[in-house]
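Novice: Please read through the structure below; I'll follow up with questions.
The values are calculated or read from the model by the stated rules, or taken from the named source; none is laboratory data. Bear in mind the structure is a predicted one, so any value in this text is a computation, not a measurement. No Cβ is skipped: glycine too gets one built from the backbone with ideal geometry, and neighbour counts run over all protein chains shown. Ligands, DNA and RNA are excluded from the accessible area calculation, which covers all protein heavy atoms including side chains. Shrake-Rupley method; radii C 1.70, N 1.55, O 1.52, S 1.80 Å.
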Amino acid sequence: MKKRFLSILAFVLVLSALTACSGNNDKAGSEASGANGASPAAADKKPFTIAFDNANDVYAYCVKVREYLKQAAEAEGMKVLVANGAGDVKTQNDQIDNFIVQKADLIASISIDLDGSVPAVENAKAANIPYLSLLTHVNTDGYIYVGSENKQAGEVQGEYLAKVLPQNAKVLYMTGQTNDQQYVDRKAGLTEKLLKARPDVKLLAEQSSDNQKDKGMSLTEDWMQQYPQFDAIISQNDDAALGAVEALKAANRLKGVVVVGIDGSDEALKSIEAGELTMTVFQDAKSQAQAVVDVAKKLRDGEDPKSITDILIPFKAVTKENVSEVK
Amino acid sequence: MRTRESRDILLAMEGITKSFSGVKVLDGVSLQLKKGSVHALVGENGAGKSTLMKILTGMYDDYQGTITLEGKPIRFPDERAALNAGISIVAQELTPIPDLTIAENIFIGREPTTRFKGIISRKKLYEQTRELINKLGLAYDPHTKMRELSVAETQMVEIIKAISRDSRLIVMDEPTSALTEAETHYLFGQIEQLRDQGIAIVFISHKFDEIFRICDEVTVLRDGKFIGSQPIGELDQDKIVTMMVGRQISDIYPPLLPPGDPVVFEANGLTRAGEFKDVSFRIRKGEIVGVSGIMGAGRTEVARAIFGLDRLDAGEIKLAGEKLKIRTPRDAIRKGIAMVSEDRKQLGLVLVRSIKDNIALPNMDRFARGWVIKRGKLREEAKQISAKLSVKASSLDIEAGNLSGGNQQKVVLAKWLVRSLKLLILDEPTRGIDVGAKTEIYRLIRDLASEGLPILMISSELPEVIGMSHRVLVMAEGRIQGELPREQATQENIMQLIVAAAKEH
Amino acid sequence: MSATVTAEKEAGRDRRTDWKLLYRKYGIVLIFFAIIIISALLNSNFLEPQNLMNIVRQNAVIAILACAQTILIVSGMIDLSAGFVLALAGCLACGVMVNTGSVSAALFTGIAVGGLCGWLNGFLITRFSLQPFIATLAMANVANGITQVYTGGSAISGIKELKYVGQGMVGPIPLPIIIMLFIVLLTWFIMKHTKFGLYIYAIGGNEKATIASGVHVNRTKRLIFLLSGLFVGLAGVVLMARLNSGQPSVGVGKEFDAITAAVVGGTSFNGGIGNVFGTLVGALIVGMINNILNLMNVSTQYQLIIKGLLIAGAVIIDIRTKSAKS
């Protein structure tokens, strides 16, 4: 008897802990209804609700966007619902179904999969709820896109490298998960602006570091064994690039090697300032988030979702020279 | 020459002999089963009944001897062959599939299909099942899930299953062990129907009243040998008991020294709901008290409670005059009580660990200083005790699971005998052990007793209990039915006490 | 009835073939050397001392986690929260470092947090009779959640001297390797020479028999989880130190790498069998394979396939060579 009661108690505690972690709905909601930035009419009406679904909370960048989004939305007196797809498109689609049931006014999702997220878009359309895909595309029409083009990120990297690399440079490429659309796009941009534009540059190897710092570090250590000389390590994100930097530093081989990443994370910017990481491609999370809220405002004012165009926030190359601009 | 008698014989087993690793388990056994008769197969535990039935139903196919079915010699390579020949068994342990329906359980593996092979015709399935049920005069709904049925009903479904295979012979192994009187009565009605339909039934049971109620003939086995087969009218209970028993108590049992005087262990009014009630007994210094009874009598349960594996609902235990409060095995062990359980593979040994590890396990208070194990001391004492008990193993680092049954049992004893014990409980100490090792273990037990250790020995083997005890307690249905001093502890007397208890229910 | 049935298993068992036993003891070492030889032939850089040192250093953290998993799996339990607890402990340690500047405070925090989570796991399992699988899964989510909240999703940088725990050297040998060796030896000692270690094996081999031998099994289980938690916490600090920042997301999946190392090294999921040196060899085998595949520039997809086959192979061999247990 006692055992069963205690196990139920434990189960309830664990359950509440889990829900506390996977979304801060209530807090955001109660703050929004108490917020004063909105028009008096909004205080009586139900606040405009943006339902945000993250691709994966382990991606620090996505979490940053989420936080900017919440800030910007609450400043407008809007309510934000939050969920985390944890990398699984089915989980994300189910969460979006929940948002539809909860009658969200706008669904803003970092869609996990080009094809796999199609049902989510279709369901939203069927329920007459506007769908905004953030940072990633979906293989259908009828949704609003806000983000920066991953291909453009790769291009920015490529252009910078094409400018600074010496003749016949040797480069190494570390990537994210290869089944990610993001991987494909960023690689495409890099290929176009570097490998095609400068055919003298040689790609020694390409491996996945899962965009993780420790894997980037191990990979670089192994690469240093295999390749006695190289000129650049190109990474598809900052975490792995910083891992490469650590490995190079420890082996005293950082000098003369250009290391570039993508994201513009705080850690990366600090590293650029310190002269370690050479360059990153800054993704303007704040502007992206603001763009989402701008779309929400338009919808709230009664604009037809179909008339709202996609918003593209450009990537920006960040090096030691201009790092202070973006901090 | 076919007499009218032989035309009635459905199946005959002749000269069946089978050995396992050199130990003869059946020796020239015969069995003749007539159509439309209920034939009792009787014998003690270990007499060979189940082995014989396993051969009959195709589970074993390496044996000597012949089986003839309707006069033609036959040999079953596997269970399917036996089933196809019309021989089914309703096992003692019922294993229905609880979430499937009656119909699905009955026809499992041979479901009626539609025109398309591979698709089950649910219509036919339930129709056919309904027919079978009605044929027996029953009214079950074939859509009922098995888990909703009572034990008796589950048993009936098993019987229907056997019949649905057009069985000509059905073996029923202890069919009433889980039934109430009313359910048994009902079951017997069905058995009579089957008999009237010409089906031969083999009825295995310990319960004499049932045998006399429903069976036509009795075959008695003892020690793997065929003792006799007679129509029920020519027999009475005493005669059957004599046939079952009647073993020479040879010198496999060493002579016992007389026990000491002071009572060392006392149990008063031990009770555990649903298992045993009001169990009281005493053991003197150096005395071996045997506990006899059939399985399910509650003996192991009493032992588990004394040792602390289960809780007592009522009653007290005294050791050397001191009242003991035992809640876990730790408490019991601390007080000097040890138990050799009836299933050494479950409770007795960690099979994947070495002999040495097993001996060490309950004895860390001896072999460890603080946390660190004193390897030297452990090695020495393990070697000593293993030698004393003649554990046959090339090294003490061998996995316990690789030892023979006899040696495994010795390791279990060894781990307890390293301690100074005040009471030793043995539960089926020689189960699954060949004759040679048995003798050794008996000698060990005798030696321990002669050193003054009080011993409680539970055993289902009558000769063992009689040969090794100073006194015998007889338990049945959770109570002590009687106590017999050594001179009066004969197999007949013990069986009478057991049987008398069964009658009262 | 059962007397005659079990008689069939008697006689002649002592003379059982020991090849299974031999494999369990030495098979992994043979595989270990086989891989070294094959890799050396495939790529001339493999045997470079720096490369070999890299391999060991890259897998030091996994090896420490694998020691933790080994004692758990041998006792019949498992820990699916190790990766997230590692991240939590590591990030908290980094936070303490940034706030106090004290390496010892950071180390202490990391180890203590790991131990606390471990003990909580043990508590849930023994007090509420939860399956280790379920309890540690719940803990995993809680630990992950706390980590995300604490770090806000981004890395904690500026850990200054703490990085030496992960990047420092003792003479020619990287510090993480020294720490790893220490943990391995400690685990070996505990498992072989203490009564606690014997109980770990016994509980995994046959929990009922262990209870019937008077061992306080629940208390032992909690201790096992506590000890493994301490190791996980330490691993967390070492890993973050190596990365020079507290990364909230590096823990994901690390427990599976650790479990793989343990299983490849001969630890049996049935419990009661396994030893820490085998686990260490297992971790190095997995590490060497990762390394040679990178050196050979085998594409990522193929790497995943090869690793999957490796795990399957190890488990199959584990099942085949396990000893008789009815």
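Novice: Just to verify a result, which residue in the range B:395-450, among those that are polar (S, T, N, Q) and within 15 Å of B:Lys345 (Cα to Cα), is modelled with the lowest pLDDT? Talk me through it step by step, then tell me what you get.
Specialist: Kept after step one, since they are polar (S, T, N, Q), are these residues of the range B:395-450: B:395, B:402, B:404, B:407-409, B:420, B:430, B:439, B:450.
From the residues that got through so far, the ones that are within 15 Å of B:Lys345 (Cα to Cα) too are B:402, B:404, B:407-409, B:430.
Details: B:Asn402: 82, B:Ser404: 76, B:Asn407: 86, B:Gln408: 88, B:Gln409: 89, B:Thr430: 83.
Step by step, filter the range B:395-450, then rank; the result is B:Ser404.
Novice: Being within 25 Å of C:Tyr302 (Cα to Cα), polar (S, T, N, Q), in contact (Cβ under 8 Å) with a residue 60 or more places away in the chain and open to solvent by less than 50 Å² (accessible area, probe 1.4 Å), is that true of even one residue in the range A:175-185?
Specialist: Quick first cut of the range A:175-185, residues within 25 Å of C:Tyr302 (Cα to Cα) only: A:175-185.
Next, only the ones that are polar (S, T, N, Q) stay: A:175, A:177-179, A:181-182.
Applying the additional criterion that residues be in contact (Cβ under 8 Å) with a residue 60 or more places away in the chain yields A:175, A:181.
Then keep just the ones that are open to solvent by less than 50 Å² (accessible area, probe 1.4 Å); that gives A:175.
Yes, the range A:175-185 contains a residue that is within 25 Å of C:Tyr302 (Cα to Cα), polar (S, T, N, Q), in contact (Cβ under 8 Å) with a residue 60 or more places away in the chain and open to solvent by less than 50 Å² (accessible area, probe 1.4 Å).
Novice: Can you pull out every residue in the range B:331-343 that is surrounded by 17 or more Cβ atoms within 10 Å (Cβ to Cβ) and facing chain C (nearest Cβ under 8 Å)?
Specialist: Across the range B:331-343, the qualifying residues are B:Ala332, B:Ile333, B:Met339, B:Ser341.
Novice: Of all residues in the range B:441-461, which are within 14 Å of chain C (Cβ to nearest Cβ) and open to solvent by 10 Å² or more (accessible area, probe 1.4 Å)?
Specialist: Passing the criteria: B:Ser460, B:Glu461.
Novice: When the residues of the range B:451-505 are filtered to those that are of a type in the set (A, V, I, L, M) and farther than 30 Å from B:Leu417 by Cβ, which remaining residue is modelled with the lowest pLDDT?
Specialist: Narrowing the range B:451-505 to residues of a type in the set (A, V, I, L, M): B:453, B:455-458, B:462, B:465-466, B:468, B:472-476, B:480, B:484, B:489, B:494-495, B:497-502.
Retained after the next criterion (residues that are farther than 30 Å from B:Leu417 by Cβ): B:476, B:495, B:497-502.
Values: B:Ala476: 87, B:Met495: 82, B:Leu497: 85, B:Ile498: 81, B:Val499: 78, B:Ala500: 79, B:Ala501: 76, B:Ala502: 70.
Filtering the range B:451-505 for residues that are of a type in the set (A, V, I, L, M) and farther than 30 Å from B:Leu417 by Cβ, the one modelled with the lowest pLDDT comes out as B:Ala502.
Novice: Output the residues belonging to the range A:186-203 that are of a type outside the set (D, E, K, R) and open to solvent by less than 30 Å² (accessible area, probe 1.4 Å).
Specialist: Within the range A:186-203, A:Gly189, A:Leu190, A:Leu194, A:Val201 qualify.
Novice: Is it fair to say B:Leu426 is within 29 Å of B:Pro259 (Cα to Cα) and part of a strand (DSSP E or B)? Can you show your working first?
Specialist: On the way: within 29 Å of B:Pro259 (Cα to Cα): yes; part of a strand (DSSP E or B): yes.
Yes, satisfied.
Novice: Would you check if there is a residue in the range A:205-228 being polar (S, T, N, Q), surrounded by fewer than 23 Cβ atoms within 10 Å (Cβ to Cβ) and more than 11 Å from chain C (Cβ to nearest Cβ)?
Specialist: Within the range A:205-228 (the criterion being polar (S, T, N, Q), surrounded by fewer than 23 Cβ atoms within 10 Å (Cβ to Cβ) and more than 11 Å from chain C (Cβ to nearest Cβ)), the answer is no, since none of the residues qualifies.
Novice: Just checking: which of the helices (runs of 4 or more DSSP H) contained wholly in the range C:1-75 hold 3 or more residues that are under 30 Å from B:Ala91 (Cα atoms) and modelled with pLDDT under 70? Step through it out loud before you land on a result.
Specialist: Details: elements: C:2-7, C:19-22, C:28-42, C:49-58, C:60-74.
Correct list: C:2-7.
Novice: Then there's this: Does C:Ala140 qualify as being within 14 Å of another protein chain (Cβ to nearest Cβ) and part of a helix (DSSP H, G or I)?
Specialist: Numbers: within 14 Å of another protein chain (Cβ to nearest Cβ): yes; part of a helix (DSSP H, G or I): yes.
In short, yes.
Novice: Tally the residues that are hydroxyl-bearing (Ser, Thr, Tyr) and under 40 Å from the mean Cα position of the chain (by Cα), restricting the search to the range B:93-122.
Specialist: Going through the range B:93-122, the residues hydroxyl-bearing (Ser, Thr, Tyr) turn out to be B:95, B:101, B:113-114, B:121.
Next cut, under 40 Å from the mean Cα position of the chain (by Cα) only: B:95, B:101.
Number of matching residues: 2.
Rundown of residues vs (1) within 13 Å of chain C (Cβ to nearest Cβ); (2) free of Cβ contacts under 8 Å to residues at least 24 places away in the same chain; (3) touching an Asp or Glu at 6+ places or on another chain (Cβ under 8 Å), yes/no style:
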position	(1), (2), (3)
A:Lys64	yes, no, no
A:Tyr68	yes, no, no
A:Ala72	no, no, no
A:Gly77	no, no, no
A:Val80	no, no, yes
A:Ala83	no, no, yes
A:Gly87	yes, no, no
A:Asp94	no, yes, no
A:Asp97	no, no, no
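Novice: Which pairs turn up if I take residues in the range C:147-158 that are under 14 Å from C:Ala93 (Cα atoms) and more than 8 Å from chain A (Cβ to nearest Cβ) and look for partners that are among the hydroxyl-bearing types (Ser, Thr, Tyr) and outside any loop (DSSP other than H, G, I, E, B) with beta carbon separation below 9 Å, at least 6 apart in sequence or on another chain?
Specialist: Every condition considered, the pairs that remain are C:Ile156/C:Tyr150.
Novice: So which residues in the range A:268-277 are under 21 Å from the mean Cα position of the chain (by Cα) and touching a residue at least 12 places away in the same chain (Cβ under 8 Å), if there are any at all? Full working, then the answer.
Specialist: To start, the set of residues in the range A:268-277 that are under 21 Å from the mean Cα position of the chain (by Cα) comprises A:268-272, A:277.
Hits for the range A:268-277 are A:Ala268, A:Leu269, A:Ser271, A:Ile272, A:Leu277.
Novice: Hey, another quick one. Just to be sure before I move on: is B:Lys35 within 30 Å of B:Leu235 (Cβ to Cβ) and either buried (at least 19 other Cβ atoms within 10 Å of the Cβ) or within 14 Å of chain C (Cβ to nearest Cβ) (or both) in the structure I sent? Reasoning before the result, please.
Specialist: Details: within 30 Å of B:Leu235 (Cβ to Cβ): yes; either buried (at least 19 other Cβ atoms within 10 Å of the Cβ) or within 14 Å of chain C (Cβ to nearest Cβ) (or both): no.
Spelling it out, it is not the case that B:Lys35 is within 30 Å of B:Leu235 (Cβ to Cβ) and either buried (at least 19 other Cβ atoms within 10 Å of the Cβ) or within 14 Å of chain C (Cβ to nearest Cβ) (or both).
Novice: Also, quick follow-up: With the condition kept exactly as written, say whether any residue in the range C:124-143 is over 30 Å from C:Ile273 (Cβ atoms) and either in contact with a helix residue (DSSP H, G or I) (Cβ under 7 Å, 6 or more places away or on another chain) or surrounded by 24 or more Cβ atoms within 10 Å (Cβ to Cβ) (or both).
Specialist: Going residue by residue through the range C:124-143, those that are over 30 Å from C:Ile273 (Cβ atoms) are C:141-142.
Pick out the ones that are also either in contact with a helix residue (DSSP H, G or I) (Cβ under 7 Å, 6 or more places away or on another chain) or surrounded by 24 or more Cβ atoms within 10 Å (Cβ to Cβ) (or both) and you get C:141-142.
For the range C:124-143, residues over 30 Å from C:Ile273 (Cβ atoms) and either in contact with a helix residue (DSSP H, G or I) (Cβ under 7 Å, 6 or more places away or on another chain) or surrounded by 24 or more Cβ atoms within 10 Å (Cβ to Cβ) (or both): present.
Novice: I've got another one for you. Please enumerate the residues belonging to the range B:298-351 that are under 17 Å from B:Gly406 (Cα atoms) and assigned to a loop (DSSP other than H, G, I, E, B).
Specialist: B:Ser341, B:Glu342, B:Asp343, B:Leu349, B:Val350, B:Leu351 - these are the residues of the range B:298-351 that are under 17 Å from B:Gly406 (Cα atoms) and assigned to a loop (DSSP other than H, G, I, E, B).
Novice: Continuing with this model, one more query. Within the range C:205-225, restricting attention to residues that are part of a helix (DSSP H, G or I) and at the interface with chain B (Cβ under 8 Å from one of its Cβ atoms), which residue is surrounded by the most Cβ atoms within 10 Å (Cβ to Cβ)?
Specialist: Once the filter is applied, the top-ranked residue is C:Gly205.
Novice: Restricting the range A:274-308 to residues that are more than 19 Å from A:Tyr61 (Cβ to Cβ) and outside the structural domain of A:Pro130 (by TED's automatic domain parsing), which is surrounded by the most Cβ atoms within 10 Å (Cβ to Cβ)? Spell out the reasoning first.
Specialist: Looking only at the range A:274-308, we keep the residues that are more than 19 Å from A:Tyr61 (Cβ to Cβ), and these are A:274-276, A:278, A:294-308.
Next, from what is left, pick out any that are outside the structural domain of A:Pro130 (by TED's automatic domain parsing): A:274-276, A:278.
Numbers: A:Ala274: 10, A:Gly275: 9, A:Glu276: 18, A:Thr278: 22.
That would be A:Thr278.
Novice: Against the definition (more than 7 Å from every other protein chain (Cβ to nearest Cβ), part of a helix (DSSP H, G or I), free of Cβ contacts under 8 Å to residues at least 24 places away in the same chain and of a type in the set (S, T, N, Q)), how does B:Gln384 come out, yes or no? Before you say what the answer is, go through the steps one by one.
Specialist: On the way: more than 7 Å from every other protein chain (Cβ to nearest Cβ): yes; part of a helix (DSSP H, G or I): yes; free of Cβ contacts under 8 Å to residues at least 24 places away in the same chain: yes; of a type in the set (S, T, N, Q): yes.
When the stated conditions are applied, B:Gln384 passes them.
Novice: Let me ask you something else. Which numbered condition in (1) within 19 Å of C:Ser245 (Cβ to Cβ); (2) in contact (Cβ under 8 Å) with a residue 24 or more places away in the chain is the only one that A:Val257 fails?
Specialist: (1)
Novice: What residue, of C:Val298, C:Val252, is within 14 Å of chain A (Cβ to nearest Cβ), within 30 Å of C:Val96 (Cβ to Cβ), assigned to a loop (DSSP other than H, G, I, E, B) and open to solvent by 30 Å² or more (accessible area, probe 1.4 Å)? Can you show your working first?
Specialist: Details: C:Val298 fails: within 30 Å of C:Val96 (Cβ to Cβ).
It is C:Val252.
Novice: Same structure again: For A:Ala162, which of the numbered conditions (1) in the same structural domain as A:Asn211 (by TED's automatic domain parsing); (2) crowded, with 22+ Cβ neighbours inside 10 Å; (3) more than 15 Å from the chain's Cα centre (by Cα); (4) part of a helix (DSSP H, G or I) fails to hold?
Specialist: (2)
Novice: Considering only the range A:54-81, how many residues are closer than 17 Å to A:Leu106 by Cβ, open to solvent by 20 Å² or more (accessible area, probe 1.4 Å) and not in a helix (DSSP H, G or I)?
Specialist: Within the range A:54-81, residues that are closer than 17 Å to A:Leu106 by Cβ, open to solvent by 20 Å² or more (accessible area, probe 1.4 Å) and not in a helix (DSSP H, G or I) number 2.
Novice: A further question on this structure: Looking for whichever is modelled with pLDDT of 85 or more, crowded, with 18+ Cβ neighbours inside 10 Å and in contact with a Lys or Arg (Cβ under 6 Å, 6 or more places away or on another chain) here; the options are B:Ile106, B:Ile191, B:Ile170, B:Ile102. Which one fits? Steps first, please.
Specialist: Details: B:Ile191 fails: in contact with a Lys or Arg (Cβ under 6 Å, 6 or more places away or on another chain); B:Ile170 fails: in contact with a Lys or Arg (Cβ under 6 Å, 6 or more places away or on another chain); B:Ile102 fails: in contact with a Lys or Arg (Cβ under 6 Å, 6 or more places away or on another chain).
Matching residue, one of B:Ile106, B:Ile191, B:Ile170, B:Ile102: B:Ile106.
Novice: Given the condition over 30 Å from B:Tyr63 (Cα atoms) and of a type in the set (S, T, N, Q), answer yes or no: does some residue in the range B:76-96 qualify?
Specialist: The answer is no, given that none of the residues of the range B:76-96 is over 30 Å from B:Tyr63 (Cα atoms) and of a type in the set (S, T, N, Q).
Novice: Now, a different point. Considering only residues of the range A:310-323 that are more than 18 Å from the chain's Cα centre (by Cα) and in contact (Cβ under 8 Å) with a residue 40 or more places away in the chain, which is surrounded by the most Cβ atoms within 10 Å (Cβ to Cβ)?
Specialist: Residues of the range A:310-323 that are more than 18 Å from the chain's Cα centre (by Cα), as a first pass: A:319-323.
Still in the list and also in contact (Cβ under 8 Å) with a residue 40 or more places away in the chain: A:319-320, A:323.
Details: A:Thr319: 14, A:Lys320: 14, A:Val323: 20.
This residue is A:Val323.
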